[in-house]
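*Asks:* Please find one structure pasted underneath; my questions will follow.
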Amino acid sequence: MPKINPEKNSPELWLEHWPWPDAEGHKYRRGHLGCVTGPPSATGAARLAARAGLRIGAGLVSLLSPPASVLVNAVHSTAVMVKAFHDSDSLSSLASETNCTVIGPAAGVTEATARNVISVLATAESAVLDADALTVFKDAPKDLFKHLRPTTVLTPHEGEFERVFPGLLDQLGRIEAAKSASSVSGAVMILKGAETVIANPDGRVVINRHASPFLATAGSGDVLAGITGGLMAQGMSAYHAACAAVWVHGDASLRFGPGMIAEDLPEMLPGILASFYASRS
């Protein structure tokens, strides 16, 4: 098998595709992002994703919440809306109103989560699957793959990757494994790590080294999922959104530096956006 030489991730690869608002635009044209939350004691991860999606430019962001979590989410949210779902069918209906839905952060490794993932994939225009949305299929990954498409982004760290693609990392190494997993699943792959690999089902592969070791903190992956979903909600392709989100996420960590926690990352995004906006020709 020939060795893959991935491109280096940089704004030159995707900045021309950035979904800037136009003078006649309004919030509905800027896209609607949904973020599915977990039970009452595990709602923060989805709120991190939602905050990041709003900061990166989505016009509307909704927390799609089990009834028991509605009040917890509502007291922590201002610009982000909270909408209740009672089962996978009602979640499917809410997801159909979004341009992209993020599911997985602290969702719980349960049969209900598996049903919810399939419901989101069936009706959302595009989707980002993170954390528990992947782990819940560890015993039957093909049950997930048959619902995936190139408008879906998977965002595993190595442990989650191994659960869904067992043995692939040891057999092929990170770059080749990400490329193979993207091809097998039919989805865009973000394999997180010190050197994050982004792979597209058509064979394109990008490696990102633009990041800080301070990203090794709880919740930073949830922020990445939200940035990715926020860009997709605005109409950026899944592949370009994945590449852009990984770079921007890394840039935010580099700008903040030591002492960073996940909550700091969304607040670094306006400065990054301002620098992009100023560079437009």
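Rule-based calculations on the coordinates, nothing more; no lab input. Bear in mind the structure is a predicted one, so any value in this text is a computation, not a measurement. Cβ coordinates were reconstructed from backbone atoms using ideal geometry, including for glycine residues, and neighbour counts include every protein chain displayed.
*Asks:* When the dipole is taken about the Cα centre of the stretch 23-278, and only Lys, Arg (+1) and Asp, Glu (-1) are charged at their Cβ, what size is it in debye, to the nearest 20?
*Replies:* 420
*Asks:* Share of antiparallel DSSP beta bridges in the chain, in percent to the nearest 5?
*Replies:* Antiparallel bridges make up about 25 percent of those DSSP assigns within the chain.
*Asks:* When a/c reaches 1.5 or more, the comparison of a/b and b/c decides; with that in mind, is the stretch 171-281 rounded, prolate or oblate per its Cα gyration tensor?
*Replies:* It comes out oblate by the Cα gyration axes.
*Asks:* Separate question: How large is the helix-only mean residue ellipticity at 222 nm for the chain, computed as the sum of -39500 (n - 2.57) over DSSP H runs with n ≥ 4, divided by its residue count, in deg cm²/dmol to the nearest 500?
*Replies:* -12500 deg cm²/dmol
*Asks:* Let me ask you something else. First select every other residue whose beta carbon is under 10 angstrom from the beta carbon of R115; then total the charges, Lys and Arg +1, Asp and Glu -1.
*Replies:* Neighbour charge sum, excluding R115 itself: -3.
*Asks:* For a quick check, take a GNM of the chain with Cα springs below 10 Å and name the residue from L134, L13, L63 with the largest mean-square fluctuation.
*Replies:* Among L134, L13, L63, the largest GNM mean-square fluctuation belongs to L13.
*Asks:* With unit charges on the beta carbons (Lys and Arg positive, Asp and Glu negative) and the dipole taken about the Cα centre of the stretch 188-281, which residue among T196, M260, L215 sits farthest to the positive side?
*Replies:* T196
*Asks:* State the antiparallel share, in %, of DSSP beta bridges confined to the stretch 121-201, rounding to the nearest 5.
*Replies:* Just about 40 percent of them are antiparallel.
*Asks:* For every other residue with a beta carbon closer than 12 angstrom to the beta carbon of L191, add +1 if it is Lys or Arg and -1 if Asp or Glu, then tell me the sum.
*Replies:* Once positives and negatives cancel, what remains is -2.
*Asks:* Among S126, Y277, V109, whose Cα lies farthest out toward the positive end of the dipole of the chain, if unit charges sit on the beta carbon of Lys, Arg (+1) and Asp, Glu (-1)?
*Replies:* Sorting the options by dipole projection puts first Y277.
*Asks:* On to the next question. Treat each spin label as a single point 7 Å out from the Cα along the C-beta direction, and report the N5 to A140 distance in nm.
*Replies:* 4.4
*Asks:* Further question on the same structure: In the chain, which whole DSSP H runs stretch at least 24 Å along their own axis (Cα) and average 0.0 or higher on the Kyte-Doolittle scale?
*Replies:* Qualifying helices: 238-256.
*Asks:* Which of the listed residues, N5, C100, G25, is farthest toward the dipole's positive end in the chain, when Lys, Arg count +1 and Asp, Glu count -1 at the beta-carbon?
*Replies:* Result: G25.
*Asks:* Let me ask something else. Per residue, how big is the convex hull of the stretch 126-225 when only Cα atoms are used? Give it in Å³.
*Replies:* Convex hull volume per residue, Cα atoms: 92 Å³.
*Asks:* Calculate the FRET efficiency for R29 and A74 from the Cβ-Cβ distance with a Förster distance of 30 Å, rounded to the nearest 0.05.
*Replies:* It comes to 0.70.
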